[in-house]
Ligand SMILES: Nc1nc2c(ncn2[C@@H]2O[C@H](COP(=O)(O)OP(=O)(O)OP(=O)(O)O)[C@@H](O)[C@H]2O)c(=O)[nH]1
Ligand SMILES: [Zn+2]
């Protein structure tokens, strides 16, 4: 079995590689109790009752999720790679060419990883493609490429540094001819109340792609890179078609964008006790909260969280509700002879699961009957109702019910059906880590609970809208 040689390389934030070891100088174990106390401060800052049913265990769940999400600080590359280097012959009697353990390119593609964004503390998704060119007649166990990538993903990260750290650790750990990485990173959009109400068509995702190479991949124009991209193309990953983030890109995290900084400076001032508690969470995780990339992070995370307090939104919603409906006549029943089903489909929403304070987001579909002579509810009002209930600490079933119960009184007879489709970061980035999973919930009021044909008609409209959304 191959063994690791001494290798020293300094990686930023005090983490160094010594004989393939990667980890903080001292063993940093997150202080779960301290993180729980800090999360309670955040919940109180949102105007929440920390003793209510859904939130009682939330501080502990959040502390466990953060500990899990930063376990990389406590793992060592050496423990992963050592014992997983296998002797593998190259070409016989030195024929010209390269293959096997002496020069045959190896790539593991489509590794799903999650990391915490160091700028805003939200989890971001990574599609990782990692490859190397073996040398010295030995190859590494394929799973170790993913495990080493996960060591660095399970930290507070930024895409380019993540790619460079994995590349460097593999290059030092395996001692191959070269290592290369392509990371396709996806960050949830960073909505703020103002801009969300202005243009609800905001896309929910921001994407970037970064590369890193060492050894024979050092030179971006080396032939071996075109071999690497060809093997990615077989999986439909066309680098040319993906925005390759360069140094000119002024920011990766949407919370750093000028728009977000400008708009959010207009929203409620950030609560200093909440900012201090996020700084204490960073310290409990063993991070150096004074390192330049982290100095603004607590404030940016609190600004994100303040989207989910419910205080001033009530005013906003009631204002539009009372002014919005003038044709409402509670006694007039729908004349089902000439009724139609009006659908509002693919209304975007963002929310935070109250169990883990992690985003879940997706789309809302709403159907209701309208009669001749009655106008549908203004789409902007329906979208405001969706955002009003989205921007709270929620569970998806409650969100679905609340939207239906708020819309029903605006309708003749109150007949409404609501479907919410969402992906839950808490089920993808941690815990069961089921990438690609999504949850749908339904609320039916009045006639939709008995009129199966009407319900089927609505579901059909959603199905065609979903296909057109390319889901
Ligand atoms: N019904 C429902 N459950 C949710 C929602 N968001 C998060 N959850 C669940 O909340 C539950 C919390 O369960 P706990 O066992 O207390 O916490 P946990 O140990 O973090 O759970 P795991 O996610 O299974 O690791 C999990 O099963 C989550 O999937 C939601 O919108 N609706
Ligand atoms: Zn971010």
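The values are calculated or read from the model by the stated rules, or taken from the named source; none is laboratory data. The structure displayed is predicted, hence computed values, not measured ones. Heads up, the Cβs are rebuilt from the backbone with ideal geometry, glycines too, and the neighbour counts pull from every protein chain shown.
Worth a mention:
- Residues of segment 444-467 include none that is surrounded by 13 or more Cβ atoms within 10 Å (Cβ to Cβ) and under 30 Å from residue 71 (Cα atoms).
- Filter result (closer than 22 Å to residue 103 by Cα and touching a strand residue (DSSP E or B) at 6+ places or on another chain (Cβ under 6 Å)) within segment 170-183: 170, 171, 172, 174, 176, 177, 178, 179, 180, 181, 182
- Test result for residue 446, more than 12 Å from ligand 1 (Cβ to nearest atom), over 29 Å from the mean Cα position of the chain (by Cα) and free of Cβ contacts under 8 Å to residues at least 40 places away in the same chain: yes
- Residues that are in a loop (DSSP other than H, G, I, E, B) and in contact (Cβ under 8 Å) with a residue 24 or more places away in the chain within segment 48-82 comprise 48, 57, 70, 75, 76, 82, listed in sequence order.
- Qualifying residue in segment 114-126 (condition: at pLDDT below 90 and on the phi > 0 side of the Ramachandran plot): no
Residue-by-condition table, conditions (1) more than 16 Å from ligand 1 (Cβ to nearest atom); (2) in a loop (DSSP other than H, G, I, E, B); (3) at pLDDT 95 or above; (4) touching a helix residue (DSSP H, G or I) at 6+ places or on another chain (Cβ under 7 Å):
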site	(1), (2), (3), (4)
170	yes, no, yes, yes
180	yes, no, yes, yes
210	yes, no, no, yes
214	yes, no, yes, yes
220	yes, yes, no, no
235	yes, yes, no, no
247	yes, yes, no, no
252	yes, yes, no, yes
264	yes, no, no, yes
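- Boolean, residue 134 is touching a helix residue (DSSP H, G or I) at 6+ places or on another chain (Cβ under 9 Å), in contact (Cβ under 8 Å) with a residue 24 or more places away in the chain, more than 30 Å from residue 433 (Cα to Cα) and away from ligand 1 (no atom under 16 Å from the Cβ): yes
- Taken over segment 385-435, the criterion of being part of a helix (DSSP H, G or I), farther than 27 Å from residue 303 by Cβ and in contact with a helix residue (DSSP H, G or I) (Cβ under 8 Å, 6 or more places away or on another chain) is satisfied by 407, 408, 410, 413, 414.
- Filtering 82, 37, 48, 92 for residues that are within 16 Å of ligand 1 (Cβ to nearest atom) and in the same structural domain as residue 185 (by TED's automatic domain parsing) leaves a single hit, 48.
- Restricting the first member to segment 160-172 and to residues that are touching a residue at least 12 places away in the same chain (Cβ under 8 Å), and the second to residues that are crowded, with 24+ Cβ neighbours inside 10 Å and in a helix (DSSP H, G or I), the beta-carbon pairs closer than 6 Å and six or more apart or on different chains are 162/152; 165/152; 166/149; 166/152; 169/77; 169/148; 170/148.
- Among the residues of segment 381-402, the ones that are more than 16 Å from ligand 1 (Cβ to nearest atom) and either assigned by TED's automatic domain parsing to the domain that holds residue 278 or free of Cβ contacts under 8 Å to residues at least 60 places away in the same chain (or both) come to 1 in all.
- Residue in segment 359-375 that is within 29 Å of residue 121 (Cα to Cα) and either assigned by TED's automatic domain parsing to the domain that holds residue 188 or within 16 Å of ligand 2 (Cβ to nearest atom) (or both) present: yes
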